[in-house]
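What follows is a single structure, written as structure tokens, with notes after it.
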Amino acid sequence: MSADQQPPSDFRQRLTATPALLILGIVAIIALLAACIMGFFLLRPMIPGSGNVTSSTSAPGEPTPFPQSTQSVAGQPVIIGVSDSGTISVTLDAPATLDTLGTQWAVQPQSIGADGLWNPEVEDGAAAWVNGTIVNYVFGLNDSESNRALLESLAPGQQIVVTTRQGVTHTFNFDSRNTVPSSDRNVFNQQIPGITLLLLGSDDDNRLVVRGRYEVAPTEQIAGGSVIQMGETAQLGDAQFTPQASSFVTNRPEAPAGFGFFLIDFVMQNVGLSAIDTSTYRFTLSDELGNQYALNPIASRLGNYPPLTGFINAGQSVTATAGYQIPAGLISPNLTWTITAPDGTQVQANLPFTAGGTAGQNAVISLQQATITPDLNNLIIVGQVTNVGVQPLVLTTDDISLRTPAGSNYLLLATNPPFPWTVPPNQTLQFAVTYQRPIGSSSAVFTILSQPFELSGLQ
């Protein structure tokens, strides 16, 4: 370089003089723009009011221990996964809108306070939702003249519709209307699927309460089949089925904590001229909440008869047991047993069920968040338990669990507060539990007081 040559004096000249640096800068800018666009699309489903929101549904004919389909029921705890900066979190599929008689309200989640009281301030045109109530949806409306007139005009059979942020709709039929004291905690009960609407903000000590019953979507495939009762016989092709007896067992060591085995003794007879392969038939159980349960091999081996296997020759009759793992605290007056033939035709049997436990019947449980730690080793679940009963509620380690869909336990690492948890009447306890991160499965089932919540998107 000669003495009169000067080095580049500005940034533009430096880049021109160094092509590698210029190329590196361009690549960095493109990468930054790509990251911003990807982040927008990942977070867009979580933004209220964003369009083109779709729900995730399970494939038809694939029963799971806990509901995943959009047509299941109000008690469905739908969980979605979101990735953000290496931390994976899950949130409940909260309601977005409430509709009835041509009127729509935007939903605002509101948690029950630490004192157990729920007196949110509700804006006109909005509905407050008791955060986490997913079996009996509880909403509060401003006690305005228009809202009161609308609720008082509801007639039997008229519908109330809840739409979630993921686009799932739940339909309820108007059932009852009455006035209760504002201190009545029974309105928060989560034992029966339905919806409860409260008028809030009145100076009166009483509240107008409207209740609706969940409308179970009809099963399309049963149109060509039949519905029978215990002891009756139905025919599917060349096979006849007769449910003979049922039982509910909760004291077996094979059953995970919080679950029991529902056993069905039945007869299958081949009335055709050729052998029947029993493996081509599908047997599922569902409750009035809409939850569908798959045939459980362990439970099936605990009945009075062996599980159904192999072939049944022409003219042969076989007595077998079908077993299912269901929540010990399930409250469902009836269970529906569905048998599906290879050609898709079905028969359903209505089976009485009166053995459900009472665990958690006075508790309102909500999950607020579940987060996988940045090191990807642990899963932290945050929620609250509200005692709506008149006696203290005590929870121990036996009342909570995190399992794979197949039933394997994950290790509980820490709890805040420490066990036992004591929740006085009309009080709310905030909790956080830390588990070993689920490995090898994209979903897990968190159960507290026999109420299961399915977490997905964990990988």
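The values are calculated or read from the model by the stated rules, or taken from the named source; none is laboratory data. Model, not experiment: these values are computed from the prediction. A quick note on method: Cβ atoms are made from the backbone with ideal geometry, for glycine too, and the neighbour counts reach across all protein chains shown.
Odds and ends about this structure:
- For the stretch 400-425, residues that are farther than 22 Å from Asp375 by Cβ and modelled with pLDDT of 80 or more total 12.
- Some residue of the stretch 145-165 being under 24 Å from Leu289 (Cβ atoms) and basic (Lys, Arg): yes
- Among strands (runs of 3 or more DSSP E) entirely within the stretch 397-451, having at least 1 residues that are of a type in the set (D, E, K, R) singles out 400-403.
- Within the stretch 137-147, tally of residues that are touching a strand residue (DSSP E or B) at 6+ places or on another chain (Cβ under 6 Å) and either loosely packed, with under 13 Cβ neighbours inside 10 Å or not in a loop (DSSP other than H, G, I, E, B) (or both): 6
- Number of residues in the stretch 147-182 that are out of contact with any Lys or Arg (no Cβ under 8 Å at 6 or more places or on another chain) and closer than 20 Å to Gly132 by Cα equals 12.
- Set Pro243, Pro306, Pro297: member being under 30 Å from Leu402 (Cα atoms) and either modelled with pLDDT of 90 or more or outside the structural domain of Leu449 (by TED's automatic domain parsing) (or both): Pro297
- Search result, residues across the stretch 289-318 that are buried (at least 16 other Cβ atoms within 10 Å of the Cβ), within 17 Å of Ile339 (Cα to Cα) and hydroxyl-bearing (Ser, Thr, Tyr): Tyr293, Ser300
- Looking across the stretch 266-281 at every residue that is assigned to a strand (DSSP E or B) and not hydrophobic (A, V, I, L, M, F, W, C), the one that is surrounded by the fewest Cβ atoms within 10 Å (Cβ to Cβ) is identified as Asp277.
- Hits in the stretch 292-342 - residues which are small (Gly, Ala, Ser), touching a residue at least 60 places away in the same chain (Cβ under 8 Å) and not in a loop (DSSP other than H, G, I, E, B): Ala294, Gly323
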